[in-house]
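The values are calculated or read from the model by the stated rules, or taken from the named source; none is laboratory data. Since this is a predicted model, take the numbers as computed values, not measurements. All Cβ positions, glycine included, derive from the backbone under ideal geometry; neighbour counts span all protein chains shown. Protein only, heavy atoms only, side chains kept; ligands, DNA and RNA dropped before computing areas. Shrake-Rupley method; radii C 1.70, N 1.55, O 1.52, S 1.80 Å.
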Amino acid sequence: MKGSASFSPAAIAVLAAAAVGLLAASVLLRAYGPEPAPAVGDDSFGANSFSVSAIGHAGFYDMLRRLGWPVSRRLGGDPLRAAGTFIMAEPKLEHLSEAGGFEPAAAPRLLLVLPKWRGFRNADRRGWVGGATLLSPATVQQTLETALRSCGADLPPSAGSPSPAEAGRRVQVARVPWPLKWATNELGPAPAGSGQIQLLRDSGLRAVAAADEGLLVGELDYDGGVIWVLSDPDVMSNHGLFKGDNAAFMVALLGGLISAADDGGPAAPIVFDEAAHGFRKVQAEPFKLLFSFPFVIVAILLCATAGLLALAAVGRFGAPRRTRPNLDFGKAGLIGNGARLLGYAGHPPLVLRRYVGLTVRTVAQTLHAPSGLNEAALAGWLDQIGRARGVRLSCAEILAFATHIEAEKKHNQARLFQSVRDIHRWKGEILNE
């Protein structure tokens, strides 16, 4: 392969500017863009505050943030710092041990939202659920008992129960149709919904919001702290938060929980515990950031730029091509330029006629033709010599065609060049060149 042209300095400058621009854009996106979801597991459609699906809690989280409440998230690996209110919404049994327990010093106020649905991923739209089924009452009961036990608490004995352990086994999960008549509602706004509502019976919790069919919000005091249990997550999930007065009900619920914990501490912040859903803190390692969005785009561009710069700097294969001068002063260039000028002027028949006449006179002079012969007689004499020498072409015919085409001023380009080749070949044959 012969040497080829290298990349221009302007092209290299454009590539470098593009790389710097994308790097700056990605840094701004990282700093001012939406908060990225932790890159552990794939529960983007589940019941958590990152999820925008029907059963997710992103709407509730965003509503509190827009109302000015100091909300944040706790991920796996984060230390359990003292906070005003923790929200453990629909924890998963397999991740409760990873989340760790809460102590009153760290979590004086805890809202425990029981699970209700198991969602299935939508194959066509990321972050959506393709369907959902109800969890079994036994799973809901086990989640309640395990979550309370992880906090060092237990359900109090209900009326007539000999012990807390027996009461824990006797709690029932009931699902009854909406709407309900609320026998107790200390929060003010009444929740709304459709289908079936999930309630607790024989839980031993103090009723905050309850109907005759069961308890929706109950309170449990433990070691100086307070736990509120919300039995049905539909009133705070994305699909039900803005039905009726559910949004006002949830705001009143958080306000009531904060007021119920008379710990003398600040009400803020409100921490959503996402460790109970398997989310972990992303390790901020610079090398790993290069392979995460959006920095991976810049990494690819920088690698491509480095490759192009290396390609532009390496030696070429083979000898470099010689550049042709702008003007060719040799015979070939002079003849070529003259031919182009004549062709541009539009007189090929005239050039052919003069070329044929000059060739005839040159051959006649070389063969010592008799003097005083006109051009036609000279062509006849040369044809006699040609026949004697075995020349197949006729000088008289070539001359007659050139004279005819000049007079007609019409020409066939192919026939014209054929005549040029014929007179040149006739000259070579008769002179034995």
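Go ahead and run the numbers for FRET between Asp212 and Ile297, Cβ-Cβ distance against an R0 of 56 Å, rounding to 0.05.
According to the calculation, E is roughly 0.40.
Simple spin-label model, 7 Å along Cα-to-Cβ: Asp221 to Asp124 in nm?
5.4
Taking the mean number of other Cβ atoms within 10 Å as a proxy for protection, how do you rank 194-205, 375-386 from highest to lowest?
Details: 194-205: 19.7, 375-386: 16.8.
Ranked from most to least packed, the peptides come out as 194-205, 375-386.
What nm distance separates the two modelled labels at Arg340 and Gln196, each placed 7 Å from Cα along Cα→Cβ?
Result: 9.1 nm between the two label points.
So how much slack lies between Glu397 and Phe417, counting 0.36 nm per residue of separation and subtracting their Cα-Cα distance, in nm? Please list the in-between numbers first.
Working: separation 20, 0.36 × 20 = 7.20 nm, distance 1.51 nm.
Working it through step by step, the gained length comes to 5.7 nm.
Thr362 to Glu429: extension gain in nm, 0.36 nm per residue of separation minus the Cα-Cα distance? If you can, show how the numbers build up before the last one.
Values: separation 67, 0.36 × 67 = 24.12 nm, distance 1.40 nm.
Extending this stretch completely gives an extra 22.7 nm.
For segment 202-258, which whole-number percentage of the solvent-accessible area (1.4 Å probe, protein heavy atoms only) is attributable to carbon and sulfur atoms?
For segment 202-258, the apolar C and S fraction of the accessible surface comes to 49 percent.
Between Trp182 and Glu145, what is the FRET efficiency for a Förster distance of 25 Å, r being their Cβ-Cβ separation, to the nearest 0.05? Walk me through the numbers on the way to the answer.
Details: r = 26 Å, r/R0 = 1.04.
E(calc), rounded to 0.05, equals 0.45.
What residues from segment 192-226 fall in the zone where the backbone N is under 20 Å from a label point 7 Å along the Cα-to-C-beta line of Gln172?
Only 196-219 pass the distance filter.
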